[in-house]
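Below is one structure. I have some questions about it.
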Amino acid sequence: MAPVADVSRSIAFYEQLGFELGNSVGEEGGPLQWAYIRAGGAHLMLTRADSPVPPEQQTMMIYLYADDVVAYHRELEEKGLDVGPLVKRFYMELGEFELRDPDGYHLLVGHV
């Protein structure tokens, strides 16, 4: 469960990565307080933070896998997301790349 400044903003960001909203809770006319999103086997809960968590103090990293990491990198780049370069590593032959969500959480994406 990741505390975020704006649950709706985070949902919109993760939808660009292929996540779908499973459920959300909020008071009528007010901001969302909680949401459950999923993409394939990945599940993430988002909760509205009581106070902002500075990006430099984020300690959680989210690792995602893509069937075709090269195509997924290109797709996100074409959507205008600030994705890092696709870097080949000894443990990730086709490469992996990183990006940050709106609250500064570090996401790494590699191939399945």
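No lab work stands behind these numbers, since they all come straight from the coordinates. Keep in mind that this is a model prediction, so the values were computed, not measured. Virtual Cβ from ideal backbone geometry, glycine too; neighbours counted across all protein chains shown.
Using a cut-off of 13 Å between beta-carbons, work out the net charge of the residues near GLY22 (Lys and Arg +1, Asp and Glu -1, GLY22 not included).
-1
In degrees from 0 to 90, rounded to the nearest 10, what is the angle of the helix 69-78 Cα long axis to the longest principal axis of the chain?
60 degrees
Working from Cα positions, state the angle (0 to 90°, nearest 10) between the long axis of helix 7-16 and the longest principal axis of the chain.
Long axis of 7-16 versus the principal axis of the chain: about 30 degrees.
What distance in nm lies between label points placed 7 Å from Cα along the C-beta direction at LEU108 and GLU93?
1.9 nm
How large is the Kirkwood hydrodynamic radius of the chain, counting all unique pairs of alpha carbons, in Å?
Here the Kirkwood hydrodynamic radius works out to 14.7 Å.
Need one number: nm distance between label points at ASP82 and ALA42, each 7 Å from Cα along Cα→Cβ, rounded to one decimal.
1.9 nm
Under a Cβ-Cβ cut-off of 14 Å, what is the net charge of the residues other than GLN33 that fall near it, where Lys and Arg count +1 and Asp and Glu count -1?
Values: positive: ARG9, ARG48; negative: ASP6, GLU27, GLU28, ASP50.
Every neighbour counted, the sum reads -2.
May I pose another question? With a cut-off of at most 13 other beta carbons within 10 Å, and DSSP calling the residue loop, which GluC sites (Glu not before Pro) in the range 1-65 qualify? Please list them.
Here the sparse-neighbourhood loop sites are GLU27, GLU28.
Considering only DSSP beta bridges whose two residues both sit in the chain, what percent are antiparallel, to the nearest 5?
Working: 19 of 28 bridges.
Approximately 70 percent, going by the DSSP bridge assignments.
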